[in-house]
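Derivation of every value follows stated rules applied to the coordinates shown; laboratory data play no part. Treat the numbers as computed from the prediction; the structure is a model and nothing was measured. When we count neighbours, we look across all protein chains shown, and the Cβ atoms used for this are built from the backbone with ideal geometry, even at glycine.
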């Protein structure tokens with residue numbers, strides 16, 4: 001199905017704009033009619049390109065899982081639960097997705113199959129877990145696990161943002177101060193120093209040359225980083241080999257690399273435990289989680305682990321051979337496998353990494369503040385020394 005943007009009118013006579021999946025304009029009009037909207041016009045939206053949309057906020061998915069868990073646990077049919085959810089949603093894109101799922105289920109599809117029609121909203125793991133819940137008759141518990149997992153991912157994303165937001169803010173301040181010094185303050189002081197007729201020290205000459213370069217080519221400091229970011233993003237999407245090298249580089253960064261590895265492995269352990277507890281086979285669970293990790297290096301390791309498990313090795317030995325997990329985690333997996341509580345062991349692994357990530361982020365944030373203060377102090381010290389040094393020399397000679 002294609003994505004269409006539409007203009008319609010609701011029962012109150014108000015204009016409504018939005019986007020909806022449909023086969024064609026006729027199908028779009030029928031879908032809108034079921035949503036009690038009168039179709040006016042619509043156009044197909046092309047989803048290709050760097051900035052294609054369609055993402056649903058994680059909080060909406062959390063509310064979706066909680067809502068459906070409560071209703072299915074109370075014995076309310078899936079179709080009635082989705083209809084009630086559709087009528088209570090405020091997010092236009094998600095409301096349209098739910099409306100499309102209702103139509104699919106009315107057409108004979110199952111809950112998981114209706115989700116599978118929207119892979120950008122419900123990923124492969126999500127659909128697989130719902131399918132497992134349908135097959136085992138344990139759908140409310142699967143929805144509860146999904147809700148808890150999404151809450152955890154939202155919290156983890158919040159911690160990750162904290163790690164990058166503070167350095168970005170402080171770095172912006174340092175960059176702004178540097179531009180102010182180099183473009184405005186130093187050129188004014190440089191003219192005064194040159195008119196004194198004094199031989200300039202080396203650090204002063206370097207400062208004046210740096211200021212002249214920044215003042216003349218200031219736009220390069222804004223354009224070049226943006227071009228580098230866009231170039232890397234395009235290369236990562238177009239070239240699998242470059243993506244692998246770039247993901248490997250991110251894992252090898254001095255401070256952020258180990259934290260990123262822990263975040264990825266924590267996400268894997270949590271999702272893998274949830275899938276295993278839902279009754280999905282170990283090999284299928286490993287293969288499904290390959291796309292969850294979001295890192296080509298870790299994905300390659302999990303693919304090798306899945307091959308080793310398929311060849312007859314147990315989970316502990318397979319994970320030990322790929323070298324992704326530390327010895328402590330391997331021991332936890334071994335105990336879980338020997339006792340038949342592998343899902344509990346994996347949840348403990350997730351808890352272990354989650355706690356470690358929080359502690360690491362707190363430590364990095366504690367280090368960033370004095371580091372940025374030191375950088376800013378060194379910059380100001382260099383400018384003051386280079387500017388005030390020649391002035392001090394002239395004043396000293398006048399006293400003599």
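Side notes on the structure shown:
- Against the rule of thumb 2.2 N^0.38 Å, how large the Cα Rg of region 286-400 comes out: 2.04
- Pairs of Cα atoms farther than 23 Å apart, region 133-261, %: 63
- With the convex hull of the Cα atoms taken as the outline of region 150-212, the averaged projected area works out to 5.4 nm².
- Set of region 91-130 residues, backbone N closer than 18 Å to the point 7 Å along the Cα-Cβ line of residue 10: 91-100
- For region 2-45, the C-alpha radius of gyration divided by 2.2 N^0.38 Å, with N the number of residues, is 1.00.
- Spatial offset of region 223-260 relative to region 297-329 amounts to 25 Å, using the alpha carbon center of each.
- In the chain, the DSSP-assigned H stretches of four residues or longer account for a calculated mean residue ellipticity at 222 nm of -24500 deg cm²/dmol, using -39500 (n - 2.57) per stretch and the full residue count as denominator.
- On full extension, the segment bounded by residue 73 and residue 44 gains 6.6 nm, given 0.36 nm per residue less the C-alpha separation.
- Extension gain, residue 253 back to residue 376 (0.36 nm per residue minus Cα-Cα distance, nm): 42.0 nm
- Among 224, 16, the order by Cβ neighbours within 10 angstrom, fewest to most, reads 224, 16.
- Panel order for 287, 355, by other beta carbons found within 10 Å of each beta carbon, from fewest to most: 355, 287.
- Spacing of the two label points (7 Å from each Cα toward its C-beta) at residue 188 and residue 221, in nm: 1.8
- Distant alpha-carbon pairs in region 198-324 (separation over 20 angstrom), percent: 61
- For region 148-400, taking the reciprocal of the average inverse distance between every pair of different Cα atoms yields a Kirkwood hydrodynamic radius of 22.3 Å.
- Inter-part distance, region 68-87 to region 147-194, computed on C-alpha centroids, equals 46 Å.
- Calculated FRET value between residue 202 and residue 58, using beta carbons and R₀ = 41 Å, to 0.05: 0.15
- Working from Cα pairs under 8 Å separated by at least six residues, relative contact order for region 148-400 is 26 percent.
- Over region 53-92, the reciprocal of the mean inverse Cα-Cα separation, the Kirkwood hydrodynamic radius, stands at 10.7 Å.
- Counted residue by residue at 0.36 nm each, then reduced by the alpha carbon distance between them, the extension gain from residue 230 to residue 172 reaches 18.9 nm.
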